[in-house]
Amino acid sequence: MKKSRREVSGGSRQQSPPEELELFVDYGRRATAISTAAQRIVRDLDKNASFISLKKALGSFREELRGLMSLNERLDSTESSWSDRVDREFLEIEAATREALTSRGWHVEGQWPRLYVARGIVLEFHEQNRSFKISDRKISSGTIADIIAVLEPLIADLIPRSFSEPKFIQSLADAYDDMASKSSQVLILDVYRQVVLRQQKPTFWKDARSDAFIGMSVDQFRARLSRVLEKGAMTDAQGREIRLLPPIDPKNAIFLYQPTEGRFGFVGRIEFISSQQMGL
């Protein structure tokens with residue numbers, strides 16, 4: 001448990017080498033000297049000083065400027081070193097995150113920095129500000145403990161204890177039949193929307209209050225359909241089998257775990273076909 005409370009950055013940052021600190025002290029010193037030399041030239045010009053004085057001031061200015069430019073090689077080396085450390089820290093964050101989540105028995109899939117937890121919830125890491133986003137919620141505190149605290153209730157609500165794979169596949173088939181009047185292939189988001197509408201109680205349509213609405217998030221839909229596919233509950237009461245088809249446009253798709261391929265992929269359309277249609 002102690003490990004899960006460390007910072008997402010993988011621990012406190014290592015102390016910088018003395019030469020890196022010295023480099024920027026040198027930059028500050030040179031910049032101050034350049035500013036002083038430039039101000040002297042401005043004053044001399046304002047006072048109509050002799051060109052002998054101006055040339056001497058210009059010489060000092062150029063000398064300080066050359067000294068500043070001589071630091072560039074050290075700066076390039078430092079920048080390269082920091083880039084390497086950023087990459088290493090990035091990998092450490094991924095490893096620490098995956099380790100903390102899998103240790104709780106949650107499936108963690110996808111390509112970093114966008115992961116899918118428990119086959120339903122999107123967990124995305126934003127490198128620029130070292131923050132996480134869980135579904136549509138930003139987590140700015142940056143500790144793995146906080147990420148787990150947000151994930152736990154969401155994962156608990158993904159699939160209810162009373163969940164039945166055959167009942168869910170039938171609800172999909174019923175929603176599909178409502179939408180399949182024009183084409184045998186229906187957008188999965190349209191089917192999802194129809195599933196949500198069909199699960200409302202009759203009394204809801206007499207008084208559509210928010211507290212009476214029975215919701216189902218996309219994360220819950222994703223996790224439940226993934227469970228159905230994983231359990232092999234592919235047919236409805238009529239013996240029709242569900243088929244998942246790629247999207248024409250990814251905007252109209254759901255990123256879904258597909259057990260037969262062992263990975264997530266975009267599903268844009270679904271259809272239910274009988275054994276006769278499959279040529280069996």
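The values are calculated or read from the model by the stated rules, or taken from the named source; none is laboratory data. Since we're looking at a predicted model, the values are computed, not measured. Note: ideal-geometry Cβ built from the backbone for every residue, glycine included; neighbour counts use all protein chains shown. These accessible areas exclude ligands, DNA and RNA; they are computed on the full protein's heavy atoms, side chains included. Shrake-Rupley method; radii C 1.70, N 1.55, O 1.52, S 1.80 Å.
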>> How big is the range 79-195 along each principal axis, measuring the range of its Cα positions in Å and listing the largest first?
In response: 61, 32, 20
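Mean separation of Cα pairs under 8 Å and 6+ residues apart, divided by the residue count of the chain: what relative contact order is that in percent? Kindly include the intermediate steps, with their values, before the conclusion.
Details: 314 pairs, mean separation 42.3, N = 280.
15 percent.
Give the whole-number value, in cubic angstrom per residue, of the convex hull volume spanned by the C-alpha atoms of the range 204-277. Could you put the intermediate results ahead of the total?
Values: hull volume 11.1 nm³, N = 74.
Dividing the Cα hull volume of the range 204-277 by its residue count gives 150 Å³.
Could you grab the relative contact order for the range 214-280? Cα pairs under 8 Å, six or more apart, rounded to a whole percent.
32 percent
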>> List the lysines whose Cα sits under 23 Å from the Cα of K47, skipping any in the same chain fewer than 8 residues away.
In response: K55, K56
>> With a 1.4 Å probe and all protein chains kept in place, how do I52, I254 rank by accessible area, largest first?
In response: I52, I254
> Based on the alpha-carbon gyration tensor of the chain, what equivalent-ellipsoid semi-axes (square roots of 5 times the eigenvalues) come out, in whole Å, largest first?
Replying inline: 62, 22, 19
> Which one of Q111, Q185, Q194 has the biggest mean-square fluctuation once the chain is modelled by GNM with Cα springs under 10 Å?
Replying inline: Q111
>> Between the range 75-118 and the range 224-259, how far is it from one alpha carbon centroid to the other, in angstrom?
In response: 30 Å
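Taking only DSSP H segments of four or more residues, each worth -39500 (n - 2.57), what value at 222 nm results for the chain once the sum is divided by all its residues, to the nearest 500 deg cm²/dmol? Spell out each step's value before the answer.
Working: 7 runs with 132 residues, N = 280.
That comes out to -16000 deg cm²/dmol.
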>> Give me P(r) over the range 10-127, computed from all C-alpha to C-alpha distances, binned every 10 Å, as integer percentages.
In response: 11, 24, 17, 15, 13, 10, 6, 2, 0
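Dividing the alpha-carbon Rg of the range 167-211 by 2.2 N^0.38 Å yields what? Intermediate values should be presented prior to the final figure.
Values: Rg = 11.9 Å, N = 45, 2.2 N^0.38 = 9.3 Å.
Relative to the 2.2 N^0.38 Å estimate, the range 167-211 comes out at 1.28.
Sequence gap at least 6, Cα distance under 8 Å: using those rules, report the relative contact order of the range 93-189 to the nearest whole percent. Write out the running numbers ahead of the final one.
Working: 82 pairs, mean separation 12.3, N = 97.
After rounding, I find 13 percent.
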>> Could you give the length gained by full extension between V25 and E127, i.e. 0.36 nm per residue of separation minus their alpha carbon distance, to one decimal place?
In response: 33.9 nm
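At a 1.4 Å probe, what is the % contribution of carbon and sulfur to the accessible area of the range 123-244? Please list the in-between numbers first.
Numbers: 3280 of 6960 Å².
With neighbouring chains kept in place, the figure for the range 123-244 is 47 percent.
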> Can you pull the percent of Cα pairs in the range 84-133 with separation above 13 Å?
Replying inline: 57 percent
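If R0 is 25 Å, what FRET efficiency do you get for F163 and R98 from their C-beta distance, rounded to 0.05?
On the way: r = 26 Å, r/R0 = 1.06.
Rounded to the nearest 0.05, the efficiency is 0.40.
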